[in-house]
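Notes follow the structure.
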Amino acid sequence: MAKAAIHVRSVGGFERGFTVIVCRACIDPPCARVCPTDALTPRNGGGVHFNPSKCIGCRACVNACPIGAVFWDYEAGKPIICVYCGYCADFCPHGVLKLEEVS
């Protein structure tokens, strides 16, 4: 089963459109602040690095994300964290996603 760090959700069907839930690369990420094992560490420029070997599966990061962009892998018992690869933007058929560096 594919595991994505991006979700597209309807806000009322085709008439009202859709919303994209994906990590916004916080400068001071709350998910990293609450991680008791430092499995999530802040990245330069925003967002986080994830070290799965340090993760104990406590789900604190999921609960800390204010936009709900830390998803859960129930098989692995660990979070699914965006790695900012841009793959989703490259394949968005409507061109509404893009990966850009913010200064």
(message) Cβ-Cβ under 8 Å, sequence separation 6+ or interchain: first residue in the range 11-30 and modelled with pLDDT of 90 or more, partner among the hydrophobic types (A, V, I, L, M, F, W, C) and part of a helix (DSSP H, G or I). Which pairs?
(response) 22/88; 30/64
(request) Hey, could you check the range 70-103 for residues that are of a type in the set (Asp, Glu) and outside any loop (DSSP other than H, G, I, E, B) and say which is modelled with the lowest pLDDT? (result) 90
(request) Looking for whichever is outside any loop (DSSP other than H, G, I, E, B) and among the basic types (Lys, Arg) here; the options are 24, 33. Which one fits? (result) 33
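Just to be sure before I move on: is residue 45 in contact with an Asp or Glu (Cβ under 8 Å, 6 or more places away or on another chain), touching a residue at least 24 places away in the same chain (Cβ under 8 Å) and not hydroxyl-bearing (Ser, Thr, Tyr) in the structure I sent?
Working: in contact with an Asp or Glu (Cβ under 8 Å, 6 or more places away or on another chain): yes; touching a residue at least 24 places away in the same chain (Cβ under 8 Å): yes; not hydroxyl-bearing (Ser, Thr, Tyr): yes.
Taking the combined requirement at face value, the residue satisfies it.
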(request) Of all residues in the range 85-103, count the ones that are surrounded by fewer than 14 Cβ atoms within 10 Å (Cβ to Cβ), within 16 Å of the chain's Cα centre (by Cα) and touching a residue at least 60 places away in the same chain (Cβ under 8 Å). (result) 0
(message) Please count how many residues of the range 33-68 are of a type in the set (Gly, Ala, Ser) and over 13 Å from the mean Cα position of the chain (by Cα).
(response) 5
(request) Answer with yes or no whether residue 41 is assigned to a loop (DSSP other than H, G, I, E, B) and of a type in the set (Ser, Thr, Tyr). (result) no
(message) Checking the structure you have, find out if any residue of the range 47-54 is assigned to a loop (DSSP other than H, G, I, E, B), within 21 Å of residue 86 (Cα to Cα) and either touching a strand residue (DSSP E or B) at 6+ places or on another chain (Cβ under 7 Å) or of a type outside the set (A, V, I, L, M, F, W, C) (or both).
(response) yes
(request) Quickly run through the range 63-84 and pick out the residues that are loosely packed, with under 12 Cβ neighbours inside 10 Å and under 19 Å from residue 28 (Cα atoms). (result) 66, 67, 68
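The values are calculated or read from the model by the stated rules, or taken from the named source; none is laboratory data. The structure presented is a predicted model; accordingly, all values stated were derived computationally and were not measured. Every residue, glycine as well, gets a Cβ built from its backbone with ideal geometry; the counts of neighbours run over all protein chains shown.
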